[in-house]
1. Would you grab the residues whose amide H sits under 5 Å from the one on Val162? Only those 5+ places off in sequence or on another chain, please, with H modelled 1.01 Å from N.
2. May I ask what percent, to the nearest 5, of DSSP beta bridges between residues of segment 54-178 are antiparallel?
3. Report relative contact order for segment 211-268 in percent, whole number only (criteria: Cα-Cα under 8 Å, sequence separation at least 6).
4. Counting only heavy atoms of protein chains, what accessible area per residue, in Å², does segment 202-310 have with a probe of 1.4 Å?
5. Taking the Cα atoms of segment 195-287 alone, what are Rg (to one decimal) and Dmax (as a whole number) in Å?
6. Can you compute 3J(HN,Hα) from phi for each residue in segment 272-278, using the Karplus curve 6.51 cos²θ - 1.76 cosθ + 1.60 with θ = phi - 60°, rounded to whole Hz and x for Gly and Pro?
7. Out of residues 5 or more away from Phe285 or on other chains, whose amide H comes under 5 Å of its own, with H placed 1.01 Å from N in the peptide plane?
8. Short version: ³J(HN,Hα) in whole Hz for each residue of segment 204-213, in order, from phi by Karplus 6.51 cos²θ - 1.76 cosθ + 1.60 (θ = phi - 60°), x for Gly and Pro, what are they?
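The values are calculated or read from the model by the stated rules, or taken from the named source; none is laboratory data. If you're wondering where the values come from, they're calculated on a predicted model, not measured in any experiment. Glycine gets a Cβ as well: all are built from the backbone with ideal geometry, and neighbour counts include every protein chain shown. Remember, those area values only see protein heavy atoms, side chains included, never the ligands or the DNA or RNA. Shrake-Rupley method; radii C 1.70, N 1.55, O 1.52, S 1.80 Å.
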Amino acid sequence: LPISDKFKQVSAAYECLSDESKRKLYDQYGKKGMEEGGGGFHDASDIFSMFFGGGRRDGAPPKPKDIVHELAVSLEDMYNGKSKKIAVSRDRLCTGCTGTGVKNGAKKNSCQSCRGQGVQIKLQQMFPGMTQQVQVRCSTCKGTGSNVAPSDICSSCNGNCVVKDRKVLEIVVEKGAKKGDHQRFEGEGDQHPDMKVIGDVLILFAQKPHDLFHRVGTKLVVNHKISLRDALCGFELPIQHLDGRLINIKILPGQCVDPGFAWIVRREGMPAEKTGGTVRGDLIFHFEVEFPTKLTAKQQSTITEVLEATTDFPKVANGQKVSLSDYVPKKQSQQGGPNRGMYVQHDDDDEEEGPRGHPMGGGGQGVQCQQQ
């Protein structure tokens, strides 16, 4: 170790030995207890469980760790609501020995190596001239603090006190559910012979990606490519909604599509939470217009006439004539073609704002919506 690190270790050891309260804390909990202060959260699962309810708090009886399962839910099920069943594997007290690990009538003898403590105190050398006391699990009794004759071990659990059990749980996915939602099943988790409280099962929802819709809170966003002809002359776009309905999006001729705007169909987005589907967000469309790379002389002449364009540009004195070319980023140069546009990007599915960079307020454009 570097000299600086050795000096830090010596300073920490001296601070611990010179302070009576810290020395008692070290003797009782070891180095980990010193770092955690001898209280609070002793396991990462305690912190995790506290965020979702349950978990062990100071002063509460000890409790087995939660069984945490992530359930992947489709966007269709979050839109319509659905009931699902999953099977979890858990530890339960052996019924053959009632969680003792030995046959009825057999006795457990206190381990002589650790005096029934389950741990042993050993000296560990930090560096020459400096040692520390550490607690290690007793190798004789494997941390149980007692020994039993091999003939007295329970044959059902092989002395483990618990057996594996399979439990089927029913999960209710409410309309408007989102990723990060959870359901807790109290008392359906693991059992431990040294703990009176039974653990819980925590189910966390994860959202599966969808081929068409992108969710932003209660809004549904659709990115769709259209040609320049469709943008100027109108088009129809039939899409199948998450509940199976066919919705026909119609842009009328003469209603030009500006790719810088978002188009909204009111109340056709995701259901709001705890409303049963009676309140819904909006369905938002962003159209990426694909421009032609070149025009023929005839097309150029026709467009110039229709748009009343001019080819007579004012002359600039002493100006240098330059030409423009397509910009191709290095990372995309091998994927073919210039980067002429991009979809609306979203950083977080749970944000409630509209697509970035596209006006969403009073300047938003309407879309005719036909249901079939």
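1. When sequence neighbours closer than 5 places are left aside, the close amide H contacts are Cys94.
2. Values: 23 of 23 bridges.
Antiparallel bridges make up about 100 percent of those DSSP assigns within segment 54-178.
3. It comes to 26 percent, rounded to a whole number.
4. On the way: 5940 Å² over 109 residues.
Averaged over the residues of segment 202-310, the accessible area is 55 Å².
5. That works out to 18.7, 74 Å for Rg and Dmax.
6. Taking θ as phi minus 60°, the curve returns 6, 5, 6, 10, x, x, 6 Hz for segment 272-278.
7. Amide H to amide H, under 5 Å and 5 or more residues apart or across chains, Phe285 pairs with Val222, Trp263, Ile264, Val265.
8. Once rounded to whole Hz, the list reads 9, 8, 10, 9, 6, x, 10, 6, 10, 9.
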